[in-house]
Amino acid sequence: MREDTKATVTVAASSSNGLSRSGLELAPDPFDAEAVRQVGFGAAFDACRVRYLAELRRLGRSKSNRHKVSVTLADLAAFLQMNADPKPRTLADLTPEHVGAFRDQELSRPKKTTGTGNLSATSLCGLVALLRGFFEYLASQGIVLLDPARDLAFPRRPHMLPRAIPTPRQVRRLLAMPPDDSPLGLRDRAVLELLYSTGLRNAEACGLFVGDVDLENRLIHVRHGKGGKERVTPIGTVAAAALQHYLGTAWALLRQKGPISPQAGDAVFLTRRGTSLKEQDLRALVKLYRARANLKSPVTPHALRHACATHLLRGGADIRHIQLLLGHSSLKSTEIYTHVEPKDLRRMLDRCHPRATRPEASS
């Protein structure tokens, strides 16, 4: 049947070892591949999108990541049904040209932040990875027999640091801003200290639960890192003290205002309503204290992650230790912090080179 009708779809994966090419474990109860291939494109694509999002949730991907995937796949479906030439009638009609045309359209879109320019190489890499992940999943389930995104190339992405990394002095000013006489102030101080001490990502900090924190040994268990990876990371003494103070006094006061829900109640960082702190809340929180500290350079939760790594490296930390702390799967991601600022290079020259300083006047 070719018409665009709904279908109930469920059967076994074609992957013999239960793993995708990227090494992620696949769900044991995938779609009825034959049924999906017979359904019209619109209904089939929507069913696959919903199923893939459920799979990402099972693998521990963050809510923001799943939202981004959902929006991008919805844009892809709209493009294929309205602008593609020829328009696919079923999923089997999809070709590499279809996927490449969508990528090219997204590449020409202006940046959301400025309304001008084109998609950055980093954003394009993310788009390519998203598309390849989705179609790899469909191929592993036997929904598509030929993966149309398999050969979609990643652009060369420059490994660059943000333009402005907060200095230790700027970070100290920022961390001194939260008041210590209110539950929210104690929460804010704890989360800022934790971000700078551990280099946690925004989503990782918001996803922490009380059971993930081991204050006695100064360790936290990051259960939902990037790519669904887990890690255990140490906490600095100052951050541990701030976290202990918050959990021992303010946390219960915030918790009692929230819904009776174990999942919401066990979150480490809570809002004034007792619900778990969201990523946008954390960004707004950092922005507020940046303004109060009168810092001109932009400071975000991710900038504190960069500051953590950069200050550790300049303090003599081994780059592989920094890699483990940040949860980077590849050392290449950590190597961007070996970038040397011109002023640091000049100081080294003045300190080490025998002809760098002005010779003393002869008597």
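The values are calculated or read from the model by the stated rules, or taken from the named source; none is laboratory data. For clarity, every value in this text was computed on a predicted model and none was experimentally measured. No Cβ is skipped: glycine too gets one built from the backbone with ideal geometry, and neighbour counts run over all protein chains shown.
Quick notes on this structure:
- Region 86-102, subset surrounded by 19 or more Cβ atoms within 10 Å (Cβ to Cβ) and part of a helix (DSSP H, G or I), residue farthest from the chain's Cα centre (by Cα): Leu91
- Just one residue in the set Ala241, Ala284, Ala250 is crowded, with 19+ Cβ neighbours inside 10 Å and assigned to a helix (DSSP H, G or I); that residue is Ala250.
Quick grid of which residues meet (1) at pLDDT below 80; (2) assigned to a helix (DSSP H, G or I):
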{"site": "Lys112", "(1), (2)": "yes, no"}
{"site": "Leu138", "(1), (2)": "no, yes"}
{"site": "Arg163", "(1), (2)": "yes, no"}
{"site": "Pro178", "(1), (2)": "no, no"}
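- Selection within region 294-347: residues that are among the β-branched types (Val, Ile, Thr), modelled with pLDDT of 85 or more and not in a helix (DSSP H, G or I). The member of this set that is nearest to Arg223 (Cα to Cα) is Thr300.
- Hits in region 180-200 (condition: outside any helix (DSSP H, G or I) and not acidic (Asp, Glu)): Ser182, Gly199, Leu200
- Boolean, Gly258 is among the small types (Gly, Ala, Ser) and at pLDDT 80 or above: no
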